[in-house]
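Notes follow once the structure below has been shown.
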Amino acid sequence: MEKICFDINLKQDLLKKVSVTFLGKKLEYYTYPGVSSYKKTHKGILYLAQKLPDDLKPNKILNVGCGNGILSILASIKYPESEIHAVDIDPRAVALSIMNLSSNSRVTAWGSHNLDQIVDYDYSMILITISSNCPEEIKEILTQAYNHTRPEGVIYIFAENLTLKSLQKPLQNIYGNAETEKRHKDYIILSARK
């Protein structure tokens, strides 16, 4: 798998340490301005991680739009046997994720401009954070995710500032199904199964 690593230095004085408790485990990680939630763990990301099914045993998880890496970290706690790949297009996010994930040998983070650069096509779970409101980009991300999901694999989408309709219709068209997991005034969470 070709991995793009960005050579970027984060300004140390802008790093902020955040803590969160998940499944009884207290975690600390760093945030950075302009990458995911800066002051605390986004309540929607925490909700999604808590609601991921306990009965699933995904062997391989892909986290697209990983931001600071917190969703990958939470998924690694929820699914301790899973191999997790975390990708983002933002060089600052990749640098921050690598820093936050450095002590977790089961999670690998790297830069990816699109999912065409990922050669694995057998992910049992894909976690996507969508920040784009461009319909063509959303459709492309969902189509690529479908191609990288193994049969019976699941996809979970976390999106801020998007309408349910803008995500549900393309997800339904690509996967043939779409479930609304949570609809909040600030975010939505959808899922589908291949």
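The values are calculated or read from the model by the stated rules, or taken from the named source; none is laboratory data. This is a predicted model, so every value here is computed, not measured. In this analysis, Cβ positions are derived from the backbone assuming ideal geometry, glycine residues included, and neighbour counts consider all displayed protein chains.
Taken over segment 30-52, residues that are farther than 21 Å from Ser132 by Cα and over 16 Å from the mean Cα position of the chain (by Cα) amount to 3. Residue-level check: of (1) in contact (Cβ under 8 Å) with a residue 12 or more places away in the chain; (2) over 19 Å from Leu190 (Cα atoms), Leu46 misses just (2). Within segment 17-57, being assigned to a strand (DSSP E or B), surrounded by 13 or more Cβ atoms within 10 Å (Cβ to Cβ) and either at pLDDT 90 or above or not aliphatic (A, V, I, L, M) (or both) holds for Val18, Val20, Phe22, Leu27, Tyr29, Tyr30, Thr31, Tyr32. Of all the criteria given as (1) touching a strand residue (DSSP E or B) at 6+ places or on another chain (Cβ under 6 Å); (2) under 24 Å from Ile141 (Cα atoms); (3) surrounded by fewer than 22 Cβ atoms within 10 Å (Cβ to Cβ), the one not satisfied by Asn68 is (3).
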